[in-house]
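To keep things clear, I will list the structure first and then write my remarks on it.
The numbers here are math on the coordinates, done by the rules we state, and not lab data. The structure displayed is predicted, hence computed values, not measured ones. Neighbour counts run over all protein chains shown; Cβ positions are idealised from the backbone, glycine included.
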Amino acid sequence: MPSTTQLSLRKPPELDPDASLAGRQKVTVGSASVPYRKGKKGDALTIAVSCQGKGEITVAVQPVHVSFPLECGAHQASTISNQFALPGAERSGVVSVEASPAVHWAMTIGRGAPVQAESPGAG
């Protein structure tokens with residue numbers, strides 16, 4: 001009998017309190033695309049993704065033409081949050097996730113003011 005892994009991924013990741021919700025995908029298996037709403041000029045786009053299951057997912061964001069991978073843990077959920085303050089980030093678009101059938105994932109897409117990066121040695 002095959003062993004079953006307890007799934008700890010139960011809901012999409014949370015956004016920072018200052019961010020507004022632009023899109024969300026509940027726990028999903030395999031590949032899917034998630035549309036997101038238009039924002040205000042100057043808004044940054046935040047993509048928060050959690051995944052669980054042996055493998056990697058690839059996240060592609062249109063129309064800003066960026067993508068990033070996320071290595072998923074077999075027994076524990078992995079989460080990454082990326083913010084994009086690029087030209088065109090305020091437009092509506094689609095986030096596509098490419099994932100194997102062994103991976104469960106969920107995503108939250110938000111909008112808000114760009115976070116200022118700290119300079120090295122600050123703090």
Notebook entry, point to check: Ordered by residue, what ³J(HN,Hα) values in Hz, to whole numbers, does the range 58-70 give under the Karplus form 6.51 cos²θ - 1.76 cosθ + 1.60, where θ = phi - 60° and Gly and Pro are x?
Noted result: 10, 10, 10, 10, 10, x, 7, 6, 10, 8, 7, x, 9
Check: Which value in nm describes the separation of the simple spin-label points at S96 and H75, placed 7 Å from the Cα toward the beta carbon?
Finding: 3.5
Item checked: the chain, relative contact order [Cα under 8 Å, separation at least 6], % -> 39
Check: For T28, what is the net charge nearby, where nearby means another residue's Cβ is under 15 Å from its Cβ and Lys, Arg count +1, Asp, Glu -1?
Finding: +3
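In a shell of Cβ-Cβ distance under 13 Å around E71, excluding E71 itself, what net charge do Lys and Arg (+1) and Asp and Glu (-1) give?
So the surrounding residues net to 0.
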Check: Restricting attention to the alpha-carbon atoms of the range 26-123, what are Rg (one decimal) and Dmax (integer), both in Å?
Finding: 14.3, 43
Check: By a straight-distance test (C-alpha under 24 Å), which lysines pair with K54 as possible cross-link partners, with residues fewer than eight away in the same chain excluded?
Finding: K11, K26
Next item on the list: Determine the gain in length on full extension of the stretch V66-L21; use 0.36 nm per residue of separation and subtract their C-alpha separation, reporting nm with one decimal.
Entry: 14.2 nm
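Rounded to the nearest 20 Debye, what is the dipole magnitude of the range 20-112 about its Cα centre when Lys and Arg each give +1 and Asp and Glu each give -1 at the C-beta?
440
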Item checked: In order through the range 27-43: 3J(HN,Hα) via Karplus (6.51 cos²θ - 1.76 cosθ + 1.60), integer Hz, x for Gly, Pro -> 3, 10, 10, x, 7, 6, 10, 10, x, 9, 7, 5, x, 7, 4, x, 5
Next item on the list: For S92, enumerate residues with amide H under 5 Å from its amide H, sequence gap 5+ or separate chain, H modeled in the peptide plane.
Entry: K38, G39
